[in-house]
Structures are given as C-alpha cells and as structure tokens.
Amino acid sequence: MIAQDVFAIFISRVADTIEPLNDIEPRIRQAQTTTADTLGNPTSQPYLGLTSPQIENIVNKFIAAGLGSREDALMSIIPPLLQRSKLPPLDEVTENLLSTAKTLKRDNRFQQCEDLLQGLLYRGPQQFQGKVVRALGDLYRKAARSQKQSEQDFARNGFRSMCGIRDLSEEAQATQQDYEFVRAYFEKK
C-alpha cells in the first residue's frame with residue numbers, strides 16, 4: 001500500500017510538468033455482466049472507456065511491478081491528470097470518437113461501430129445525443145443496403161433497438177422519429 005502511495009505522489013508530480021495528452025482513443029470490450037433486454041433476453045452492454053498509449057504504458061508498468069491491479073493504477077493516474085487539465089476536453093474527445101465511428105462504418109466494421117456509438121449514447125455528453133442517434137441510424141442504413149443477410153439482420157435488429165431507446169434529448173428524439181420511418185420501410189422488405 002505504501003508503494004502505491006509513493007507511485008501516486010510520483011504521478012502527481014509528473015502531471016505538473018508534462019504536456020497535455022491528446023492521443024485519447026476508445027477502448028471497447030464486452031461487459032462482464034449481463035442484463036435482460038425488454039423481451040427478457042440476456043444482453044450485455046459493451047464497456048466503453050478511453051485510453052492513451054502513454055497511460056497504458058504506465059498502467060502496464062504498475063501492474064508488472066506488482067503494485068496492484070489495472071483499476072488501482074488508473075485510480076492513481078487519472079485524478080492528477082484531470083486536476084491539472086492534462087486530458088483533452090470531453091467535447092473534443094466525443095467529436096474524435098464520432099469520427100472514429102465513421103471510419104469503422106466506412107470499413108464495414110458494423111459491430112465495433114455500434115458498440116462505440118452505444119457507449120457514447122449512454123455515457124457521453126447529452127448535447128451529443130442527436131449526433132450519436134443520427135450516426136447509429138446511418139450505420140444501420142448502410143448495413144441494411146448490404147448484400148449479406150447477416151448485415152441486413154444486424155440493421156433490422158439495430159433499427160428496432162434504436163427506435164426503442166427512451167430518455168433522449170429533444171434533438172435525439174426527432175432524429176429517432178425520422179429513423180422510425182426507415183425502420184418501418186426495412187421491416188416491410
């Protein structure tokens with residue numbers, strides 16, 4: 001425990017001298033717990049976090065030295081960086097994540113794109129909900145136009161899920177309503 005305290009003090013001092021970190025990337029992994037969807041089927045929300053190669057390097061060294069777990073390392077690293085404004089603003093990170101989602105969609109990596117966007121929708125700033133819902137709709141629309149049946153099914157399920165989301169901002173609700181018509185069109189096909 002004393003070693004963790006020494007490490008935390010060291011990181012706190014380093015945070016005073018380093019330049020702000022700008023290379024924040026999404027970190028997506030499947031959740032370790034499952035919940036039930038509206039039909040009672042087991043479902044698992046993907047975990048969305050952010051990472052930086054520098055932070056990951058420090059975390060790995062912390063773990064390798066036997067000082068504690070990944071969570072222990074992050075609890076020693078992130079607070080000093082936040083206190084000294086060394087992490088990028090949330091709005092900037094959100095825009096970058098939306099850009100990453102566009103790239104994933106363009107590369108037909110539909111599931112990864114959906115995981116990222118759903119993470120943003122549920123955990124991101126509310127003022128971005130409209131953009132996130134539009135990006136989800138665009139993702140499902142692209143998948144629906146695919147020649148592969150599995151991607152068309154992905155789109156159909158995605159539209160159904162997206163149109164059932166509650167507690168959205170007004171802008172996001174309006175966008176959701178627009179995609180309700182698209183969903184109905186694809187349901188008839």
For segment 146-189 the number of residues that are within 22 Å of LEU116 (Cα to Cα) and aromatic (Phe, Trp, Tyr) is 3
Quick one: in segment 169-187, of everything that is in contact (Cβ under 8 Å) with a residue 24 or more places away in the chain and among the charged types (D, E, K, R), which residue is nearest to PRO125 (Cα to Cα)? GLU171
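Coordinate-derived values only; no laboratory data. Fair warning: this is a prediction, and the values are worked out from it, not measured in the lab. Counting neighbours? That spans all protein chains shown, and the Cβs are built from the backbone with ideal geometry, glycine included.
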